[in-house]
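Notes to accompany the following structure.
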């Protein structure tokens, strides 16, 4: 049950706090007063999206808070909408939570019907859901959904295999050509870099030997060599330093230089002779040319070609094994379809039995809502083949038909139901479907299109619902508002050039004035208010 609702900075609402009662609560007010924003706030609180432009101008964020009394204890929910970003934050019992969590919790908090709900009632899928909920065999329905989900997954996998196979089959000739060309050469990752390094190494060996030979020729001790020249220069300097002692150091330097060069020449002579293998160099060049030709043919780098080889092998292997995979999928599908057939064999008759019981209950409710004593409701079941070729996988799909008056053939609701009839039909269905649950029932002008004495029947039905469940009703009819245990009035007020939506619980005197206004005002309205409130 919804005990407390507080709305701040939402649209024209500055700060409104509503304390709801058990039983029936009504919200009334002139058209455009802002009643719909109360419901928008509740829907936002329980998971719906809300546009950031609904944050009151000048405010940073809108906030909606509610206290729900549940069988297992109170639940406090708060949600905020930030104007600048449009993002929202949700708290359940003061802990930050997710929208998935509140959507899971929502069915136990609120059931919201409206004129939109009337249109949903016309949809076969919604009618089937009503029947399945009434059937109360969630185990069978879960099993059905699981089987159908697995079958859809298998079908998607099969289509994926077939699509890939078709695509590769068109490329098989190219793939086999590429595979042959790659196999002829047999490239490896990094092979080009390794070969280039070896080629450079062989070339360096030639350069080393030529350089050593040239250096030894220059250093030679024979006529014209550096060492021969240094020996002659050393003798001249020895003669000079005897005459001019200040050349002693220079003579010593020449001796040291000649000794160092002699050591260098000795090391160069000891360097092992290198003679590059011309055959190796030629084979490297040939291999590099072969790799270059392969890259040119396939228009890829060598690493890409090596990877392509693996990819081609995988693709060709896939095409060879695809038929086997498809056979395996077909076996799995057959097993699942056998399970589905057994399930439908049990589910279809149960749906028909539940449909008869549900129709009996709906008819009883409709008669209490002012329908003819002869009104009839029935489910029509049409066989639907879920999977071609499996005649045992036929699902009996329900659609709701009714006969409001004797002598008419059964017809779908959208063919003959007026807005008022749909409103009462929805009220009857909601009343039946929520008898085992405890959420608050919100009716947003579900009385639209209803008038006259029928309003009393609608009021009686709402009263019965409110005996065991909280009802929150938005209405323009005084006949319904007068039944409320707690009555809220929604109105607009202008203060200092700003418009505000206000909502307040009315006391006895204010209730009488509001019922009078709803009844048309004046003496006639006052008389009706006195009669209704009596």
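All of the numbers you see were taken from the coordinates with simple rules; none came from a lab. These numbers were taken from a predicted model, which means no experiment stands behind them. Here the Cβ positions follow ideal geometry from the backbone for every residue, glycine too, while neighbour counts run over all protein chains shown.
Summary table
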item	result
The range 440-534 - Kirkwood radius from inverse mean 1/r over Cα pairs (Å)	14.3
Calculated FRET value between residue 72 and residue 100, using beta carbons and R₀ = 22 Å, to 0.05	0.65
Three-way shape call for the range 2-94 based on the alpha-carbon gyration tensor, with the a/c threshold at 1.5	oblate
Correct choice for Cα Rg over 2.2 N^0.38 Å that was computed from the model, options [x] 1.95; [y] 1.07; [z] 1.02	[x]
Length released on extending from residue 142 to residue 31, taking residue separation times 0.36 nm less the Cα-Cα span	35.6 nm
Percent RCO, i.e. relative contact order, over the range 112-271, from Cα pairs under 8 Å lying at least 6 residues apart	12
Percentage of interatomic Cα-Cα distances in the range 155-327 larger than 27 Å	61
Mean Cα-pair separation over length for the chain, i.e. relative contact order, pairs under 8 Å, 6 or more apart, %	23
Highest to lowest packing among 422-433, 293-304, scored as the average C-beta count within 10 Å	422-433, 293-304
Virtual spin-label span in nm between residue 184 and residue 247, 7 Å along Cα→Cβ	7.7
Order of 499, 454 - criterion: other Cβ atoms within 10 Å of each residue's Cβ, fewest first	499, 454
Of all DSSP beta bridges in the chain, antiparallel share, percent nearest 5	75
The range 127-193: projected area of the alpha-carbon convex hull, averaged over directions, in nm²	9.1
Two-site FRET efficiency, residue 534 against residue 49, from Cβ-Cβ distance with R₀ of 41 Å, rounded to 0.05	0.35
Alpha-carbon gyration tensor eigenvalues x 5, square-rooted, for the range 283-405, Å	69, 18, 9
Sum of -39500 (n - 2.57) over DSSP H runs of 4+, divided by residues of the chain (222 nm, nearest 500)	-19000 deg cm²/dmol
